[in-house]
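The structure appears below as structure tokens.
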Amino acid sequence: MPFKLSSRYTFLLLAIFLLFPSMTVEAIQSVWGAAKPQRRPVAQAAPPQTGEAPKPQLLNADSNPTLRYPVSVWESSASCGWLDVTRAGIKYTVVESGRKGKAASPRMKKFMVPGEVSHWAAPSDAVAGSEEFEVSMNEISDSRLVKGSLLQIQFARRLVLLSYLPQHQWGTVEKLRQFEAAAQQNLAGTMAVQRAMQNFDIVLAEVKPPAPPALDVSLHAEPPTVEKGRPVTLVWTSSNAASLDLEPGVGRVAAAGGTSLLPQDSTKYTLTATGPAGTKSASVFVTVTAAAPASLPTIVLIEPSATGEGQTVEFSSSPLIIRGVVMDATGIPVVTVNGRSVTMRPTSAQAAQFKSDPMDLLPGENRFEVSAINNARGQSKVTFIARLTPSRSKVQPAEPSNARALGKAEILSLLQGDVPSERVAELVKQRGIRFAPTPGDLKDIRSAGGSDDLIDAVSQASAPARN
């Protein structure tokens, strides 16, 4: 098998040939193969990892959103720390310095991270070392991937190489070869850092938690204006609320509903809803007015026709039947005469005719009070004086006449006052009559509604003797 002689080993081969002239070519090739230096196999770099990009830590989500990545930075040496990306720029804070004998801060403290890997960390108030930097997006003149996996950032005559490096790998990167190998393994993270610098709002929307559903609440009063002593109904609805409080005087309530209240004064009611989205309130003002005076019934006397308070009405005979009409907007009132109930005959929902039982009058003044009370406890009264002056007959009876005996006019009056004929017949039998009935009188009584019983009672009643 042919082979090439290297100038480096020429002297050695010539010496072997001269010393051992009898050696065959195959033996010389065997010696050459043993003496020939073997090439070391070139280590193949692990293929870059381009899987799912890691998500950053989100800081100050509402006030000044910041995307934080764990990274390693090479600038004459390797260091590890946090890269904070905002809309305005980037900031690198060293946690572990790669410079021998130097820490990122003279007050470095050791801490443990998940996975029980120890690192050195500087306090938040430590003075940053020269490896740290903070630069605005406008100051960055170049930002691109180099060597397939390193993010090169150039700003203010400064050039740094950056690679995403998970926190549990901090402390494993010291030399450039290790730095580049780690960058190959974490290419997806490095590309995620570059994407955040170029499309901050898109990445922020991907990692920012969705906003809680909007909180809504409403409160209404039915009616908004009421008279004092009248009820008002508060009705409310809400959405996405964890709790609701209705004040004053109600407290915790359900997500939707209503309640009836009796406010004594004008009041502002406030419903406060609390939920994931915060707090929201709704208010309603209820106006309370003075109560209107209660309406009073109206009494109209038909018989006797008394209109004035305390009016005196002259009578010459007894008994007395009081008739009238009562009216009220709230319904039919209750009517009494001197505290006694009367007969009522409704003519509508707000009016009725009334009539009392026959009431005996004593000679002289007889006081009567007609009262009507409605549903609102409103009361009206009509009072009058019935003065009885008995008429003197020109023909004096031989014997004292019966003062309670009924005359023809009284019998007719009772019948015309809707007093049942049977009742009038009983009165005739009890009291008698003070006139001698003629066929004409009996006809008048029958025409006024008198029954056969009443005609018989009048006919059989003894009239007072005449002189």
- line: Here the qualifying pairs (Cβ atoms under 7 Å; residues six or more apart or on different chains; first in region 156-169 and modelled with pLDDT under 90; second surrounded by fewer than 20 Cβ atoms within 10 Å (Cβ to Cβ) and among the charged types (D, E, K, R)) come out as 156/139
- request: State which residue is nearest to residue 67 (Cα to Cα) when the search covers only region 141-182 and only residues that are outside any strand (DSSP E or B), of a type in the set (A, V, I, L, M, F, W, C) and touching a helix residue (DSSP H, G or I) at 6+ places or on another chain (Cβ under 7 Å).
  value: 165
- line: Selection from region 266-289 of residues exposed (fewer than 15 other Cβ atoms within 10 Å of the Cβ), touching a residue at least 24 places away in the same chain (Cβ under 8 Å) and part of a loop (DSSP other than H, G, I, E, B) yields 276
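Name the residue, out of 120, 82, that is outside any loop (DSSP other than H, G, I, E, B) and at pLDDT below 85.
Values: 82 fails: at pLDDT below 85.
Result of the check over 120, 82: 120.
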message: Based on this model, can you work out whether residue 333 counts as under 17 Å from residue 380 (Cα atoms), in the same structural domain as residue 369 (by TED's automatic domain parsing), touching a Pro at 6+ places or on another chain (Cβ under 7 Å) and in contact (Cβ under 8 Å) with a residue 40 or more places away in the chain?
response: yes
task: From (1) part of a strand (DSSP E or B); (2) touching a residue at least 24 places away in the same chain (Cβ under 8 Å); (3) surrounded by fewer than 16 Cβ atoms within 10 Å (Cβ to Cβ), pick out the condition that doesn't hold for residue 302.
output: (2)
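Residue-by-condition table, conditions (1) without any contact (Cβ under 8 Å) to a residue 60 or more places away in the chain; (2) among the small types (Gly, Ala, Ser); (3) not in a loop (DSSP other than H, G, I, E, B):
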{"site": "293", "(1), (2), (3)": "yes, no, no"}
{"site": "296", "(1), (2), (3)": "no, no, no"}
{"site": "309", "(1), (2), (3)": "no, no, no"}
{"site": "318", "(1), (2), (3)": "no, yes, no"}
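What tally of residues in region 427-438 results from selecting those that are of a type outside the set (A, V, I, L, M) and within 13 Å of residue 450 (Cβ to Cβ)?
Taking region 427-438 as the starting set, the residues that turn out to be of a type outside the set (A, V, I, L, M) are 429-432, 434-435, 437-438.
Keeping just the survivors that are within 13 Å of residue 450 (Cβ to Cβ) gives 437.
Residues meeting the conditions: 1.
The values are calculated or read from the model by the stated rules, or taken from the named source; none is laboratory data. Please read all numbers here as calculations on a predicted model, not as lab measurements. A quick note on method: Cβ atoms are made from the backbone with ideal geometry, for glycine too, and the neighbour counts reach across all protein chains shown.
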